[in-house]
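Engineer: Got a structure for you, written out below as structure tokens; questions coming shortly.
Since every read-out is calculated from the coordinates, none of them should be taken as a lab result. Here the structure is a predicted model, which is why all the values come from computation and not from measurement. Counting neighbours? That spans all protein chains shown, and the Cβs are built from the backbone with ideal geometry, glycine included.
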Amino acid sequence: MSSSLNRKPVSQKGYLLVENVEHDFVRTQVLQNIGFTVQAGEVYALVGPSGCGKTTLLHLCNGLLDLQDGIIENTFQKTASMFQQPRLLPWKTCLDNMTLGLKAKGWNKKDRNLKGLKLAKLVGLQPSDLEKFPHQLSGGMQSRVALARVLLLEPDLLLLDEPFSALDIGLKTELYQLLLEQQTQQDLAVLMITHDLMEAVRLSDNILLMKSKPGRIAASFKLTRPPSLRDDAWVYQTTAELLQQPIVRESFELPPPTSPSPVDLATREWSYTC
Ligand SMILES: Nc1ncnc2c1ncn2[C@@H]1O[C@H](COP(=O)(O)OP(=O)(O)OP(=O)(O)O)[C@@H](O)[C@H]1O
Ligand SMILES: [Mg+2]
């Protein structure tokens with residue numbers, strides 16, 4: 001897919017523009033001609049098989065890796081990243097972990113704890129959890145702390161690398177809800193990586209489907225129903241429809257469908273470009 005096709009008018013509120021990005025690790029090309037633009041209020045999901053270069057691309061977007069080739073322009077005011085592992089400091093309490101970013105910005109303890117308490121409630125942490133250390137928290141609670149930590153920074157761009165992949169379905173659903181609420185209230189732009197096509201269908205407006213070797217964008221799917229109106233039935237149906245598309249099956253190295261059922265073009269709520 002040519003990145004120039006993704007050029008679109010950019011918003012005053014901020015944008016992340018990625019154009020013709022290529023990346024090699026020791027003479028092996030990992031990313032080829034990657035291009036897309038995420039604007040304020042948009043949720044993009046980056047979906048593809050293991051090893052296709054999703055994390056590499058996210059690390060280029062948040063500056064953890066140096067750009068070798070192409071353009072990455074981020075005009076958002078505040079970018080925050082959340083990783084697959086909660087990455088909490090083991091010697092700090094839950095509240096101190098949550099408010100680390102505010103401390104770095106020079107906030108005094110009283111103000112940052114006040115803000116931390118407010119957000120803890122929002123992500124479903126009990127006041128009694130806040131004085132606990134990470135090893136005393138379940139994986140789900142650690143993920144809530146990690147989510148609270150990024151939201152406390154009041155980012156306008158959120159970069160997520162499979163933050164919910166280790167969680168059970170109930171907790172995932174809760175955190176999805178929370179993320180979507182924050183995203184719509186704050187007009188957040190989100191670029192999230194996931195292996196899980198259903199997660200992408202549940203949360204995003206645009207799905208960038210990647211292929212491996214080298215990692216490249218094979219297709220871009222646009223979902224027209226607002227995420228707040230997507231119930232389970234819609235998510236299952238739409239995921240099943242996407243999974244019938246040859247380009248999706250090829251990207252995930254799945255065999256052709258044995259008995260494909262035709263997708264009704266008049267009622268489907270997605271479109272795609274290759
Ligand atoms: N620091 C590195 N040095 C050399 N090769 C690397 C490095 N980091 C990643 N790679 C290679 O680059 C490719 C893409 O890796 P990346 O972690 O970006 O994939 P991914 O799509 O995020 O995979 P997963 O879904 O399993 O997390 C892989 O082949 C990986 O082995
Ligand atoms: Mg990865």
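Engineer: Going by amide H atoms built from the backbone, whose H comes under 5 Å of the H on Gly14, apart from near neighbours?
Structural biologist: Ala40
Engineer: Cross-link list Lys132/Lys222; Lys13/Lys222; Lys109/Lys222; Lys118/Lys172; Lys78/Lys109: which exceed 32 angstrom alpha carbon to alpha carbon?
Structural biologist: Numbers: Lys132/Lys222 42 Å; Lys13/Lys222 21 Å; Lys109/Lys222 44 Å; Lys118/Lys172 21 Å; Lys78/Lys109 22 Å.
Exceeds cut-off: Lys132/Lys222; Lys109/Lys222.
Engineer: Next question, about the same structure. Name the long-range amide H neighbours of Asp69: under 5 Å, sequence gap of 5 or more, or other chain; modelled H, no Pro or chain starts.
Structural biologist: HN-HN under 5 Å from Asp69: Glu22.
Engineer: State, in angstrom, two size descriptors of the stretch 57-145 derived from its alpha carbons: Rg to one decimal place and Dmax to the nearest whole number.
Structural biologist: Every Cα atom of the stretch 57-145 included, Rg and Dmax give 15.6, 49 Å.
Engineer: Okay, next question. Tell me the mean residue ellipticity at 222 nm calculated for the chain from its helices only (DSSP H runs of n ≥ 4, each -39500 (n - 2.57), averaged over every residue, nearest 500).
Structural biologist: Calculated from helices alone, the mean residue ellipticity at 222 nm is -9500 deg cm²/dmol.
Engineer: Using only the Cα atoms of the stretch 78-207, construct the convex hull and provide its projected area averaged over every direction, in square nanometres to one decimal. All intermediate terms of the calculation are to be shown ahead of the outcome.
Structural biologist: Working: hull surface 29.8 nm².
The directionally averaged projection comes out at 7.5 nm².
Engineer: Using Cα-Cα distances under 8 Å and only pairs 6 or more residues apart, what relative contact order does the chain have, in percent?
Structural biologist: Details: 495 pairs, mean separation 65.9, N = 274.
After rounding, I find 24 percent.
Engineer: Residues with beta-carbon under 10 Å from that of Lys222, excluding Lys222: net charge, scoring Lys, Arg +1 and Asp, Glu -1?
Structural biologist: On the way: positive: none; negative: Asp205, Glu269.
Value of the local net charge: -2.
Engineer: At a threshold of 8 angstrom on Cα-Cα distance, excluding pairs fewer than six apart, so keeping six or more, what relative contact order does the stretch 116-274 reach in percent?
Structural biologist: Values: 151 pairs, mean separation 27.0, N = 159.
So the answer I get is 17 percent.
Engineer: Here's a follow-up. Name the residue, out of Leu152, Leu114, Leu100, whose mean-square fluctuation peaks in a Gaussian network model built on the chain with Cα pairs under 10 Å.
Structural biologist: Among Leu152, Leu114, Leu100, the largest mean-square fluctuation in the Gaussian network model of the chain belongs to Leu114.
Engineer: Here's something else I'd like to know. Could you calculate the FRET efficiency of Ala233 with Ala266 from 1/(1 + (r/R0)^6), where r is the beta carbon distance between them and R0 is 22 Å, rounded to 0.05?
Structural biologist: Working: r = 18 Å, r/R0 = 0.83.
Plugging the Cβ-Cβ distance into 1/(1 + (r/R0)^6) gives 0.75.
Engineer: Here is a follow-up. Suppose every Lys and Arg Cβ carries +1 and every Asp and Glu Cβ carries -1, with no other charges. What dipole size does the chain come out with about its Cα centre, to the nearest 20 debye?
Structural biologist: Numbers: 29 positive and 29 negative charges, 162 e Å.
With Lys and Arg at +1 and Asp and Glu at -1, about 780 debye.
Engineer: May I ask you to list the residues of the stretch 11-49 whose amide nitrogen lies under 12 Å from a point 7 Å from Cα along the Cα→beta-carbon direction of Ile71?
Structural biologist: Within reach of a label on Ile71, which here means backbone N under 12 Å from a point 7 Å along Cα→Cβ, the stretch 11-49 contributes 17-21, 36-37.
Engineer: Read phi for every residue in the stretch 128-133 and hand back ³J(HN,Hα) as whole Hz from Karplus 6.51 cos²θ - 1.76 cosθ + 1.60, θ = phi - 60°, with x for Gly and Pro.
Structural biologist: Taking θ as phi minus 60°, the curve returns 5, 6, 5, 8, 7, 9 Hz for the stretch 128-133.
Engineer: Then there is this: What FRET efficiency, computed as 1/(1 + (r/R0)^6) with R0 = 45 Å and r the Cβ-Cβ distance, is obtained for Gln29 and Lys109, rounded to the nearest 0.05? Each step should come with its number before you reach the end.
Structural biologist: Working: r = 48 Å, r/R0 = 1.08.
Given R0 = 45 Å and the Cβ-Cβ separation, E is 0.40.
Engineer: Now for a different question. Please name whichever of Ile207, Thr99, Leu167 sits farthest to the positive end of the charge dipole of the stretch 78-207, dipole taken about the Cα centre and charges placed at Cβ: Lys and Arg +1, Asp and Glu -1.
Structural biologist: Thr99
Engineer: Here's another thing I want to ask about it. Largest first and in whole Å, give the semi-axes of the chain's equivalent ellipsoid, each being the square root of 5 times a Cα gyration tensor eigenvalue. Provide the component values of the computation, followed by the final result.
Structural biologist: Values: eigenvalues 210, 97, 62 Å².
Sorted largest first and rounded, they come to 32, 22, 18 Å.
Engineer: How charged is the neighbourhood of Val235? Take every other residue with its Cβ under 15 Å from the Cβ of Val235, and add Lys/Arg as +1 and Asp/Glu as -1. Kindly include the intermediate steps, with their values, before the conclusion.
Structural biologist: Numbers: positive: Lys172, Arg202, Arg225, Arg230, Arg268; negative: Asp196, Glu199, Asp205, Asp231, Asp232, Glu241, Glu269.
Residues near Val235 contribute -2 overall.
Engineer: Now for a separate question. Among the lysines, select those whose C-alpha is under 18 Å from the C-alpha of Lys54, and discard any that sit fewer than 8 residues away in the same chain.
Structural biologist: Lys211, Lys213
Engineer: Once the other residues with Cβ under 14 Å from the Cβ of Phe76 are scored (Lys, Arg +1; Asp, Glu -1), what is the net sum? Please list the in-between numbers first.
Structural biologist: Values: positive: Lys13, Lys78; negative: Glu42, Glu73, Glu154, Asp156, Asp187.
That works out to -3.
Engineer: Can you pull out the trypsin sites (Lys or Arg not before Pro) in the stretch 14-88 whose DSSP state is coil and whose Cβ has at most 13 other Cβ atoms within 10 Å?
Structural biologist: Working: sites: Arg27, Lys54, Lys78, Arg87; in loops: Arg27, Lys78, Arg87.
Hits after loop and neighbour filter: Arg27, Lys78, Arg87.
Engineer: Please report the relative contact order for the stretch 78-207, taking Cα pairs under 8 Å with a sequence separation of at least 6, and give it as a percent rounded to a whole number. Kindly include the intermediate steps, with their values, before the conclusion.
Structural biologist: On the way: 165 pairs, mean separation 43.3, N = 130.
Over the stretch 78-207, the number comes to 33 percent.
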